[in-house]
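Participant: Pasting in a structure now, in structure tokens, and then I'll have a few things to ask.
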Amino acid sequence: QSLDTAPIYSNVGDLFMNTTNIQNTENREITETLAVLERHLNAFRLGDVDLTVQDYASDAIIINGTDTVIRGTDQIRETFISVYRDFFPKGTREINIEEKTVYGEVAYIRWSAPNAKMATDTLIVKNNKIVVQTFACHFG
């Protein structure tokens with residue numbers, strides 16, 4: 001009977017070891033995701049298209065409720081040129097973060113700005129790059 005229980009204890013030890021590894025991986029992902037989010041917010045506040053686009057993977061997508069999916073950094077660049085010129089010109093980019101949640105590779109923010117009553121962004125980050133972003137905004 002003691003021979004039968006030895007592997008169980010060994011597996012329990014392995015389970016604890018794997019749990020620690022999972023927690024370390026999650027902590028590393030959260031730290032990475034938070035760093036990308038903060039960089040992205042800084043680029044937004046500056047209205048810097050080049051700095052903004054640097055945060056995205058080459059095959060990243062943005063879904064923003066326009067019935068089209070923005071794909072790749074070329075389309076993302078064109079989108080942010082328009083965003084900074086037409087929707088968030090200088091003087092409207094000082095955003096107030098009202099909620100921020102980061103879990104693993106996912107970051108969610110709810111925010112407002114002088115010309116935006118309420119907006120949300122969700123980012124999925126892998127290897128220090130945004131691979132998916134969703135955005136919604138109520139202007140006014």
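Participant: Report the FRET efficiency, 1/(1 + (r/R0)^6), for H138 and R45, where r is their Cβ-Cβ distance and R0 is 22 Å, rounded to 0.05.
Facilitator: For R0 = 22 Å, the calculated efficiency reads 0.65.
Participant: If you scale each eigenvalue of the Cα gyration tensor by 5 and take the root, what three semi-axes come out for segment 29-72, rounded to whole angstrom and sorted largest first?
Facilitator: 19, 14, 10
Participant: Give the aspartates and glutamates whose C-alpha is closer than 12 Å to that of K117, dropping any in the same chain fewer than 8 places away, or say none.
Facilitator: Straight-distance partners of K117: E98.
Participant: If T33, T92 are ordered by their accessible area, calculated over protein heavy atoms with a 1.4 Å probe, which sequence runs from highest to lowest?
Facilitator: Heavy-atom accessible area, descending, gives T92, T33.
Participant: At 0.36 nm per residue, minus the direct Cα-Cα distance, what do K90 and Q75 gain on full extension? Give it in nm, one decimal, please.
Facilitator: 3.2 nm
Participant: Using only the C-alpha atoms of segment 64-134, find the volume of their convex hull and express it per residue in Å³.
Facilitator: Per-residue hull volume (Cα only) is 103 Å³.
Participant: Run the simple label-point estimate for N128 and T66 please: 7 Å along Cα→C-beta, distance reported in nm.
Facilitator: 2.9 nm
Participant: Oh, and also: Near K90, which aspartates and glutamates are there with a Cα under 18 Å away, not counting those fewer than 8 places off in the same chain?
Facilitator: D48, D50, E78
Participant: What number, in nm² with one decimal, is the all-direction average of the projected area of the convex hull of the alpha-carbon atoms of segment 17-137? Show your work: numbers first, answer last.
Facilitator: Values: hull surface 29.6 nm².
Taking the Cα atoms of segment 17-137, their convex hull projects to 7.4 nm² on average.
The values are calculated or read from the model by the stated rules, or taken from the named source; none is laboratory data. Small disclaimer: the values here were computed from a predicted structure and weren't measured. Every residue, glycine as well, gets a Cβ built from its backbone with ideal geometry; the counts of neighbours run over all protein chains shown. Side chains are part of the model used for accessible areas, which takes the heavy atoms of the whole protein and leaves out ligands, DNA and RNA. Shrake-Rupley method; radii C 1.70, N 1.55, O 1.52, S 1.80 Å.
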